[in-house]
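Working notes for the structure below.
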Amino acid sequence: APSPTTRHFTLNFTLTNLQYTADLDSPSSRKFISTVRVMNHYIDLLFKSSSIGSVYTGCKDMRFRSGRQRHYTGVDAVCSYKNNVSLARFDREKVYHELSTMTNGVTKLGHYSLEKNSLYVNG
């Protein structure tokens, strides 16, 4: 049987209660490192209880950007999963709806608040 290959997808959302600052642009800053750690924790919890939980392998290449409102912070991540026979195909709409439900209608991610229409899965 062919071995599973790793596939990537993007995850984007905006936090309304994390003010964007220049140190979030610097991968070596303490704020960047700690924010990535917290984001990965919350994102991993979501994906591990989603339909792709058994094949989800994590998110890397996380970037932060200034949101539409000055004090908002946009989050862009490249996430991956093992593509194998048990996953018919990556259904971004299904994953989006699951994440939407798990974040209270795209309003809450752990102790962060999300901008209502800011969640994108592979879009």
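The values are calculated or read from the model by the stated rules, or taken from the named source; none is laboratory data. Just so it is clear, the model here is predicted, and its values are computed rather than measured. Methodologically, a virtual Cβ is constructed for each residue, glycine included, from the backbone with ideal geometry; neighbour enumeration extends over all protein chains shown. Side chains are part of the model used for accessible areas, which takes the heavy atoms of the whole protein and leaves out ligands, DNA and RNA. Shrake-Rupley method; radii C 1.70, N 1.55, O 1.52, S 1.80 Å.
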*Scan the stretch 51-65 for residues that are in contact (Cβ under 8 Å) with a residue 40 or more places away in the chain and open to solvent by 20 Å² or more (accessible area, probe 1.4 Å) and report the count.*
3
*How many of the residues making up the stretch 9-35 are more than 22 Å from Gln69 (Cβ to Cβ), surrounded by 14 or more Cβ atoms within 10 Å (Cβ to Cβ) and aliphatic (A, V, I, L, M)?*
0
_Single residue of Phe32, Phe13, Phe64 found to be in a helix (DSSP H, G or I) and aromatic (Phe, Trp, Tyr)_ = Phe32
_Of all residues in the stretch 66-85 being modelled with pLDDT of 95 or more, under 20 Å from Thr16 (Cβ atoms) and open to solvent by 20 Å² or more (accessible area, probe 1.4 Å), the one that is nearest to the chain's Cα centre (by Cα)_ = Asp76
*Mind listing just one residue for me: the one in the stretch 36-50 that is of a type in the set (Val, Ile, Thr) and touching a strand residue (DSSP E or B) at 6+ places or on another chain (Cβ under 8 Å) and, of those, least open to solvent (accessible area, probe 1.4 Å)?*
Ile43
_Of all residues being free of Cβ contacts under 8 Å to residues at least 40 places away in the same chain and in contact with a strand residue (DSSP E or B) (Cβ under 9 Å, 6 or more places away or on another chain) in the stretch 86-101, which is most open to solvent (accessible area, probe 1.4 Å)? Just the residue, please._
Arg89
*Of residues in the stretch 46-65 being among the aliphatic types (A, V, I, L, M) and under 17 Å from Lys94 (Cα atoms), the one modelled with the highest pLDDT*: Leu46
*asked:* Suppose the filter is of a type outside the set (Val, Ile, Thr), out of contact with any Lys or Arg (no Cβ under 9 Å at 6 or more places or on another chain) and over 16 Å from Thr10 (Cα atoms); does Lys94 pass it?
replied: no
